[in-house]
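Below is one structure, written out as structure tokens, with a few remarks after it.
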Amino acid sequence: MKSNKPSKHREREFGVPVPGEILEQERWSQTALKKIPDGHIDWQQLFGRQAPIVLELGCGNGRYMLASAMWRPEMDHLATDILPVVIRYATRRGNQRGYKNLRFGVIGGRELLSEHVAPGSITEIHVYHPQPFYDQRDIGKRLITPEFLALVHRSLVPGGKFVLQTDNPGYWRYMQQIVSLFFEFQEQRGPWPDSPRGRTRREIIALREELPVFRGWGTSRVDLSSEEAIRLAEQLPPPVFNADRRLQALDALERE
């Protein structure tokens, strides 16, 4: 007789399956990068092989990188966030799925790129729903700035891919104006084909609340040198936009 109980090997979040299957404990892996090494990360030493590197900065509970590590085993993945609690949650998920090509670490995106990533060493960099920081005391913490974009440009291999997503209209307008100066950038119309119900927890919530989500990606401009990108960044304005009360309410919902 077939049981009606849900499989203990499947996990859902807001009704959307979390990528990958939870394995028997003896098949779990160790995905925690407990300490970011001094200097540039040696990717071959970290993963035990030479492979293209994918970064996600501000990964939250790790949903997108779980999917990418599963769908693209030929690539190695490092996901980071400044909040230890979400990295512990993401690490547990990665361990339970037995991934060998995935690591999670606690560090800010700007710090990671400026201090621990060698120029021209990363194939893809993903940033989903960077914090808008509405409080005037915190707006200097906003991640998507000209300085940060110059760091992304420097870190990517020639023609490397940069992916951005937000549900904040003001932040998106700023991104549209400035990202194309560093990257051959284009908007993604509609959901990502690989995750029509949302690549991230935040996107799932925003879509459930019928809020617009803005997506785009681009490749690093090969006609712009790292030195030119730095000089360009020094001439450009920081992100300035107003708070959105609907999104502040969504922030509270996401923390539940």
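Adding -39500 (n - 2.57) for every DSSP H run of four residues or longer, then dividing by how many residues the chain holds, sets the calculated 222 nm ellipticity at -9000 deg cm²/dmol.
The gain in end-to-end length when the E187 to K100 segment is fully stretched comes to 28.1 nm, 0.36 nm per residue minus the alpha carbon separation.
E13's amide H: which non-local residues (gap 5+, or another chain) put their own amide H closer than 5 Å, with H modeled 1.01 Å from N in plane and none for Pro or chain starts? Amide H neighbours of E13, under 5 Å, 5+ apart: V18. Sort the stretch 88-133 into rounded, prolate or oblate with this rule: let a ≥ b ≥ c be the square roots of the eigenvalues of the Cα gyration tensor; rounded if a/c is under 1.5, and if a/c is not under 1.5, prolate when a/b is larger than b/c, oblate otherwise. Taking the square roots of the gyration eigenvalues as a ≥ b ≥ c, the stretch 88-133 is oblate. Only the Cβ atoms of Lys and Arg (+1) and of Asp and Glu (-1) were treated as charged; on that basis the dipole of the chain about its Cα centre amounts to roughly 1040 debye. With only the Cα atoms considered, the stretch 3-151 has a convex hull volume of 131 Å³ per residue. A crude spin-label estimate for the pair E210 and I82, with each label 7 Å from Cα along the Cβ direction, gives 3.4 nm. Ignoring the sites themselves, the chain has its longest run without trypsin sites (Lys or Arg not before Pro) in a DSSP loop having at most 16 other Cβ atoms within 10 Å at 198-254.
Highest mean first, what order results for 127-133, 55-61 on Cβ atoms within 10 Å? Could the numbers behind the result be given before it?
Values: 127-133: 21.0, 55-61: 24.1.
Highest to lowest by the protection proxy: 55-61, 127-133.
Considering only alpha-carbon pairs that sit under 8 angstrom and 6 or more positions apart, the relative contact order computed for the chain is 18 percent. Under the combined filter of DSSP loop state and at most 13 neighbouring Cβ atoms within 10 Å, the stretch 166-248 retains these GluC sites (Glu not before Pro): E209, E210. The loop-placed GluC sites (Glu not before Pro) in the stretch 65-120, going by DSSP, that have at most 16 neighbouring Cβ atoms within 10 Å of their Cβ come out as E74.
The Cβ shell under 14 Å around P73 holds other residues with a net charge of +2, Lys and Arg each +1, Asp and Glu each -1.
Would you give the gap between the C-alpha center of the stretch 28-65 and the C-alpha center of the stretch 223-240, rounded to a whole Å? A separation of 28 Å, based on Cα centres. As a test, work out the antiparallel percent of DSSP beta bridges whose residues both lie in the chain, rounded to the nearest 5. Taking every DSSP beta bridge within the chain, about 40 percent pair in antiparallel fashion. In order along the stretch 99-108, the Karplus-derived 3J(HN,Hα) couplings, from 6.51 cos²θ - 1.76 cosθ + 1.60 at θ = phi - 60°, round to 6, 9, 9, 9, 9, 10, x, 9, 5, x Hz, and Gly and Pro are given as x. Summarising the amide proton neighbourhood of L102: residues at separation of 5 or more, or on other chains, whose placed amide H is nearer than 5 Å comprise H77.
For the chain, the alpha carbon positions stretch 68, 45, 33 Å along the principal axes, listed from largest to smallest. In order along the stretch 144-160, the phi-based Karplus estimate (6.51 cos²θ - 1.76 cosθ + 1.60, θ = phi - 60°) of 3J(HN,Hα) comes to 7, 10, x, 4, 5, 4, 5, 5, 4, 4, 5, 6, 6, 5, x, x, x Hz; Gly and Pro are listed as x. For the stretch 120-134, 3J(HN,Hα) computed residue by residue from phi via the Karplus equation (6.51, -1.76, 1.60; θ = phi - 60°) reads x, 10, 10, 7, 9, 10, 10, 9, 10, 6, x, 4, x, 6, 6 Hz, glycine and proline entered as x.
Amide H contacts of C59: T80, D81, each under 5 Å away and 5 or more positions distant or on a separate chain (H built 1.01 Å from N in the peptide plane; Pro and chain starts excluded).
Mind checking the log10 I(q)/I(0) for the stretch 174-232 at q = 0.15, 0.25, 0.27 Å⁻¹? Debye, one equal scatterer per Cα, no solvent, two decimals. Values returned for q = 0.15, 0.25, 0.27 Å⁻¹ are -0.58, -0.99, -1.07.
Only the coordinates and a few stated rules stand behind these numbers; no lab work does. Quick caveat: nothing in here was measured; it's all calculated off a predicted structure. Cβ: placed from backbone, ideal geometry, glycine included. Neighbour counts: every protein chain shown.
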